[in-house]
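Scroll down for the structure; my scribbles are underneath it.
Read-outs throughout are calculated quantities, based only on the coordinates presented, and are distinct from any laboratory measurement. Here the structure is a predicted model, which means the values were calculated and not measured. Cβ: placed from backbone, ideal geometry, glycine included. Neighbour counts: every protein chain shown.
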Amino acid sequence: MTGRRAMAASFLLFIIFFAAIEAVMTIAGAPAIRPELLITEIDPVLLSRNRSNLSLVTFPRNVRVSTNRDGFRGPEIDETKPAGTYRIVAMGDSATFGYGVGDDETFCARLQLRLNGDSGLARLRYEVINAGVIGYTTVQGLRVLKRTILRLKPDCLVVSYAINDATLSWGQYYFPGKRMSEIPGLSPSAVWLRNLLFNNSRVCRWALMKILLERRAVLDERCDDKIVNDTIRRVPPDEYMGNLAEFARIARDNGIAVAYLPMPVRIRASIYPDYEPDTAIRDRESSLAVVRTVVKGIKGTKDRKILSMMHYFLGGQYVYLGNLRKALDAYMTAVKYSDGRREYRWQNCEYCELMLKAAEKEKVILRNILPTFCLRELTDNPSDLYEDFYHPGPLGHEIIAHELHGVIGDLVRARKAGKKSALAAGR
C-alpha cells in the first residue's frame with residue numbers, strides 16, 4: 001500500500017507541477033510557432049490533415065483562418081449537392097489553402113464570387129470548395145479524393161500539387177529516405193494522444209516542437225545537395241506523373257471535369273549564385289555589350305550549374321534593358337539548367353513542367369499562370385503578389401481566380417453544348 005500511495009502522490013505532484021507550468025505559459029503567452037502547425041494535425045493515414053471547425057488569427061498579417069467540419073477552408077458545405085448547383089473542388093497544398101491570406105482572399109473564395117456574379121453563367125449556382133492542405137502531395141490528394149471528395153459529387157476538380165511532391169519537407173522528416181507512397185500508416189491511438197496534447201497544451205506543444213526541431217536539425221546535416229535527388233524526393237517524377245494521370249482517370253470515370261493548375265513561384269532572388277562577367281555594367285550600351293558576351297559564352301559552356309547562373313544573370317540584364325519576354329525566357333532557362341536543386345522554387349518549376357506534359361498526355365485542361373505572375377514580378381513587382389518565395393498573396397489569388405473563371409466558364413458552356421447535342425441525338 002505504501003508503494004501505491006507513493007506512486008499516487010508522485011503522480012499528483014506531477015499533475016500539479018504540469019498545471020502550474022501550463023498556467024504560467026498561458027499567462028505569459030504561448031511560444032511563437034509557425035501558424036500552419038496550429039492549422040493542421042496528425043492523421044494516421046494521410047500523415048496530416050486540416051483541423052475541423054477551426055478559427056484562428058495567424059501572423060504576420062493577422063488574417064482569419066477558419067475551417068468547416070470536414071476540415072475544408074471556408075463555410076460548411078452540404079454533402080448533398082443542391083439542385084442547380086455547379087460544384088468545384090480545388091485540391092492542392094498550402095498555396096491552394098491560402099497560406100498567409102484571409103478566408104475571403106483565397107482564390108477559391110474569390111472565384112466563387114466571380115462565378116456567381118457572372119450574368120453569362122447565371123443559370124447555375126456555383127460552389128467552390130477549398131480542399132487544400134498545407135504540406136500535401138499528390139499521394140495524399142488521391143487518398144482524400146477517394147475517401148472524401150467523391151462523395152461530394154463535384155462537377156469539376158482543380159488539381160494543383162507540385163512543390164511538396166518535388167522536395168523534402170516536414171512530413172518527409174518523420175520517414176527519412178522513404179517516398180510518400182512507401183510511408184506506413186500511423187497508430188491511431190498514438191495520433192489521437194499527440195493531437196490532444198499538441199492542440200490543447202502549450203507545454204506539450206513546446207516540448208513536441210523542440211524534439212521535432214532538434215531531429216530536423218540532425219537530419220538536415222545529412223541532407224546536402226549530393227543526396228537530394230529523385231531517390232529521396234517525396235514523390236519522384238515518374239510517380240508524380242502517374243498520380244496526375246490517376247486524378248484524370250478517376251475524374252473521367254465519375255463524370256467530373258478536371259483541370260490542372262501549376263502554381264507560380266518567384267523567379268528572382270538574391271540567394272541565387274552570382275555570375276560575374278568581366279565587363280563592368282555602367283549604362284545601357286555596356287549592358288548590351290555584356291549580354292552579347294554572355295550569350296556568346298553560353299555556346300561554349302557545358303557545365304549546367306554555370307549555364308544556370310549565366311542565364312539567370314541574363315534575365316536581370318534583360319529586365320534592365322526593358323525586354324521582359326527575353327528576361328522571362330532567360331529565368332526559365334536558368335531553372336531548366338538548375339537541375340531542381342534544394343531551392344524550393346526551382347524544384348516547383350521542374351514539376352510544373354511535368355504537369356504540362358501530363359496535361360498534354362491525358363488531354364486535360366491546364367491553365368499556366370506562371371508567365372502572368374513572372375511578368376508582373378519583372379515589371380512593378382507589387383508587394384501583395386506573393387506572401388513569400390512560393391505562396392501567392394492577395395493579388396496573386398485574385399489573378400488565379402480571374403484565370404480559373406475563364407476555365408470554368410468554358411467547361412460549363414461545353415457541358416451545356418454536350419447536353420443539347422445528346423438531346424438532339426435522342427430525338
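Tabulated data
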| quantity | calculated |
| --- | --- |
| DSSP-assigned coil residues among trypsin sites (Lys or Arg not before Pro) in the range 254-290, each with at most 12 further Cβ atoms within 10 Å | Arg282 |
| Placed amide H near Tyr86: partners under 5 Å, 5+ positions off or other chain | Arg125, Tyr126, Glu127 |
| Relative exposure of Cys374, Cys349, judged by other C-beta atoms within 10 Å (fewest first) | Cys374, Cys349 |
| Proxy reagent accessibility, fewest Cβ within 10 Å first, across His397, His391, His402 | His402, His391, His397 |
| Trypsin sites (Lys or Arg not before Pro) lying in DSSP loop within the range 93-130, provided at most 12 other Cβ fall within 10 Å | Arg123 |
| Projected-area mean, the range 284-337, by convex hull of Cα positions, square nanometres | 3.2 |
| Over 22 Å (Cα to Cα) - which of Lys336/Lys357; Lys305/Lys361; Lys302/Lys336; Lys81/Lys416; Lys299/Lys336; Lys296/Lys336 fall in this group | Lys305/Lys361 |
| Under-5 Å amide H pairs with Leu366, H placed in peptide plane, nonlocal only | Tyr260 |
| Fewest-first ranking of Tyr99, Tyr136, using other Cβ atoms within 10 Å as the exposure measure | Tyr99, Tyr136 |
| Built amide H within the under 5 Å cut-off of Gly74, gap 5+ | Ser66, Thr67, Asn68 |
| Loop-located trypsin sites (Lys or Arg not before Pro) in the range 326-417, at most 11 other Cβ atoms within 10 Å (DSSP) | Lys363 |
| Test item: Cα-centred dipole of the range 284-337, Lys/Arg +1 and Asp/Glu -1 on Cβ, debye | 180 |
